[in-house]
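Report on one structure; see the data block that follows.
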Amino acid sequence: MPRSDPPSAPILDDDVRAVVDSAHLVFAATVTPDGEPNLSPKGTIRVWDDRHLFFLDIASPHTRANLERNPKIELNVVEHLSRRGYRFFGTATLHRDDDVAREAMRRVFAEERAPYPVNCVVLVAVERMDSLVSPGYLHVSSEREMRDSWRRRRAELDARFEDHSAAHPFVPDSYPAPDPAAR
């Protein structure tokens with residue numbers, strides 16, 4: 001892939017990679033034609049290289065349409081136990097049936113051991129990034145303490161949600177039923 005990044009583009013270092021790899025969930029903000037914000041979760045966020053992130057567009061027609069009109073995007077990723085992460089600002093390009101799309105799908109499918117129906121791959125050239133740090137660090141002295149605290153809190157929250165989901169099971173209706181033969 002040709003490099004046309006400005007020399008000042010941030011480098012996605014080991015910490016950024018660790019946060020993205022751990023979180024695997026990002027919230028992508030785009031702008032609608034009416035100038036309204038569109039926020040959409042993406043569960044396939046990955047680091048492409050030192051200056052690019054990517055995700056698979058599996059079920060995001062609004063995000064895709066917004067990026068076709070205006071390629072500016074903001075991505076927010078937070079590691080849920082450490083309560084810290086990054087905001088990435090950049091320009092997206094959409095890839096279909098090219099080397100970028102094939103390589104991105106290969107990486108995600110190999111890691112997740114499952115294919116998805118992909119409309120396109122969104123490759124984001126990161127032009128700027130900011131750290132995100134929870135105000136919870138006002139009450140703890142280290143990341144280890146934060147992680148331990150949230151591990152306990154997460155267990156409580158998960159137990160409550162397990163009770164809720166047992167009483168009110170969610171049945172997805174917007175996707176076709178999984179093919180048992182594909183397992």
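A few notes on this one:
- Index of the failed condition, residue 124 passing every other in (1) among the aliphatic types (A, V, I, L, M); (2) free of Cβ contacts under 8 Å to residues at least 24 places away in the same chain; (3) closer than 24 Å to residue 29 by Cβ; (4) not in a helix (DSSP H, G or I): (2)
- When segment 66-88 is filtered for residues that are surrounded by 14 or more Cβ atoms within 10 Å (Cβ to Cβ) and more than 13 Å from the chain's Cα centre (by Cα), the ones remaining, listed by number, are 66, 67, 70, 71, 72, 81, 82, 83, 84.
- In segment 38-56, the residues that are outside the structural domain of residue 66 (by TED's automatic domain parsing) never reach a residue that is of a type in the set (Ser, Thr, Tyr) and outside any loop (DSSP other than H, G, I, E, B) with C-beta atoms less than 8 angstrom apart, at least six apart or across chains.
- Within segment 24-42, tally of residues that are surrounded by 14 or more Cβ atoms within 10 Å (Cβ to Cβ) and modelled with pLDDT of 95 or more: 9
- Here the condition is being touching a helix residue (DSSP H, G or I) at 6+ places or on another chain (Cβ under 8 Å) and either over 21 Å from residue 55 (Cα atoms) or of a type in the set (A, V, I, L, M) (or both); of 132, 138, 123, it holds for 123 alone.
- The single condition from (1) out of contact with any His (no Cβ under 8 Å at 6 or more places or on another chain); (2) not in a strand (DSSP E or B) that residue 101 fails is (1).
- Segment 64-77 residues that are touching a residue at least 12 places away in the same chain (Cβ under 8 Å), paired with ones that are surrounded by 22 or more Cβ atoms within 10 Å (Cβ to Cβ) and not in a strand (DSSP E or B) (beta carbon under 8 Å, 6 or more apart): 73/67; 75/45; 77/20; 77/45
The values are calculated or read from the model by the stated rules, or taken from the named source; none is laboratory data. None of these values were measured; they are calculated from a predicted model. Here the Cβ is made from the backbone with ideal geometry for all residues, glycine too, and neighbour counts use every protein chain on show.
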